[in-house]
Amino acid sequence: MDFTGKVALVTGGSSGIGAASAKILATHGAQIALVGRNEQRLNEVAKLCYNAKGLTPLQLRLDLTEEGNCQKAVEKTVQKFGRLDVLVNSAGKYAVGSLLDETTEVFDELTKLNLGATYKMTHFAIPHLIKTKGNIVVVAAAQYEKIRHGFVAFSTINAALTKFTKIAAIELATLGVRINSVAITVTRTNILSNINIESQEERESIYRVIESHNNMKILDPEEVAKMVVFIASNLCPSMNGANVCIDSAATSR
């Protein structure tokens, strides 16, 4: 895979799957624009990307749920590098909520970031991706296929992300732009910190419980990132509207 001369904009680029995708893309020669909210982690990922090929990434410390920031992320990327070839929509959070909650706060937060930011980033990136015949990769969760208490908002929004990918693919196909999604199960990222599980020891304990109770493997971000980069490459130019599931067959049981 060769991304030399190409520009990739990665949301959620300060950690997890976004960071791993940015590092692999940089290794294959891409110029990288990183979007995240944590400045320290953005700096760390940017250094790793620079060390890959000596290309300095653009760091964008932005909250994509705030009005205008999705457009700003795209515009600053194009201003810096002159083009856009790949958009990786990896920004997202995890939260537990129920229809019986007193408020709709969980649903509102997940809608704004997981679905809303993906939609808006795609919208603002399209004019530039048309010029380069580029593509978009959406990272979503596969758990929506199984019904569990506490996941009504999270599952609904991830189902919407998959549907969005398929519908957007039809709209963009005639313009030469591809969009595909990668559906994943639980991955070793910072996402558990959103439900106040901060320490690595606590996370690993929870991962072991999940693996034993659900007969599934916890994914490493690098494994998912390899698929993201493969899809973003030109190795399968006819792959469009696909939802590639990486879940150790967890959703098949």
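The lysines within cross-link reach of Lys72, meaning a Cα-to-Cα straight distance under 22 Å and a gap of 8 or more places when in the same chain, are Lys6, Lys80, Lys93, Lys112, Lys120, Lys131, Lys133. Working from the Cα coordinates of the stretch 1-140, the gyration tensor eigenvalues give, after taking √(5λ), semi-axes of 27, 16, 12 Å in decreasing order. Take the stretch 14-147 with all the other protein chains still there, run a 1.4 Å probe, and you get 49 Å² of accessible area per residue.
Ranked from largest to smallest solvent-accessible area, with a 1.4 Å probe on the protein heavy atoms, Tyr119, Tyr50 come out as Tyr119, Tyr50.
Of the listed residues Leu99, Leu219, the order by accessible area with a 1.4 Å probe, largest first, is Leu99, Leu219.
Shown for the stretch 1-160: the carbon plus sulfur share of the solvent-accessible area, taken with all protein chains present and a 1.4 angstrom probe, equals 51%. Think of the stretch 1-100 as having a plus end and a minus end, set by charges on the Cβ of Lys, Arg, Asp and Glu; of Ala8, Thr65, Leu87, Ala8 sits farthest toward the positive end of this dipole. Counting only heavy atoms of the protein chains and using a 1.4 Å probe, Val96 has close to 80 Å² of accessible surface.
The values are calculated or read from the model by the stated rules, or taken from the named source; none is laboratory data. Note that the structure is predicted; figures quoted are calculated from it, not measured. For neighbour counting, all protein chains shown are included, and Cβ atoms are generated from backbone atoms with ideal geometry for every residue, glycine included. Calculation scope for accessible area: heavy atoms of the full protein, side chains included, ligands and nucleic acids excluded. Shrake-Rupley method; radii C 1.70, N 1.55, O 1.52, S 1.80 Å.
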